[in-house]
Each structure stands twice: as C-alpha cells, then as structure tokens.
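Reviewing the structure listed below.
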Amino acid sequence: MYLFTKLSSAHYQNETGASTTMFPDGPYGPPKEIKNGVLWMSLQSGVPLIPVTFDFSKARTVRANSWDKKIFVLPFSTVVVRYGKPIYVTKETMAQDKLTLAAALNTAEAD
C-alpha cells in the first residue's frame with residue numbers, strides 16, 4: 001500500500017504540473033537494478049522518463065556507509081549533468097523500456 005500511495009502522489013504531482021524525480025533503483029536497492037515503479041508511473045501518467053546522470057570531481061566528496069554507497073558532493077566541486085533521450089513507456093514496450101532505461105543510465109555513467 002505504501003508504494004501505491006507514493007506512486008499515486010507522484011502521479012498527482014505530474015498532473016498538476018509539478019516536476020517529479022525518482023531514482024529508478026528504488027529506495028532499498030540493490031543499486032543499479034531498475035524497479036517497475038518508475039515505469040508504472042510513466043505509463044499511467046503518459047509522462048516520458050528522462051534518464052539523468054551526474055558526474056563530479058571525486059576528490060571533493062564524502063561517501064556514506066549505506067547499501068547504496070551514497071556520495072555527498074562538497075561545495076566547489078565540478079558537477080556535470082547529462083540528460084538522455086525521453087523514453088515513452090507503453091504496455092507493449094514496458095520490458096524493453098526497462099532495458100533501455102538501464103542501458104541509458106549505465107552508458108552515461110561510463111562516459
């Protein structure tokens with residue numbers, strides 16, 4: 001029920017014109033494994049998924065001791081933001097869209 005409530009809330013925000021950001025590997029991981037929630041939200045709302053990655057100067061970071069190894073970028077770091085092509089999710093292409101999203105995020109990360 002909790003997941004449904006969160007996805008419904010994000011869907012409502014999209015309908016009212018708000019911008020919504022989701023991490024496609026979910027709040028509990030495992031890292032870099034795309035979960036279906038982000039695909040479901042895109043399908044239900046008709047809003048495309050836009051892959052976004054961040055790269056930064058590693059010398060100016062602090063790494064958290066958590067499952068996802070979250071990195072906090074310190075002030076005055078250099079940050080590069082990359083946007084991928086929009087992914088329009090449909091019922092027919094949902095499985096392929098999941099692979100496309102994973103590839104887009106992994107490709108951008110390797111650049």
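Nothing in this text is a laboratory measurement; each read-out follows from the coordinates by a stated rule. Note that the structure is predicted; figures quoted are calculated from it, not measured. Here Cβ is always computed from backbone atoms with ideal geometry, including for glycine, and neighbour counts include all displayed protein chains.
Quick notes on this one:
- For the residue pairs LYS70/LYS91; LYS58/LYS98; LYS70/LYS98, alpha carbon separations beyond 26 Å are given by LYS70/LYS91; LYS58/LYS98.
- Most tightly packed first, judged by the mean number of other beta-carbon atoms within 10 Å of their residues, the peptides 81-92, 45-56 read 45-56, 81-92.
- Cα-Cα separations in the stretch 34-76 greater than 15 Å, expressed as whole percent: 61 percent
- For the stretch 8-99: span of alpha carbons on each principal axis (Å, largest first): 43, 27, 24
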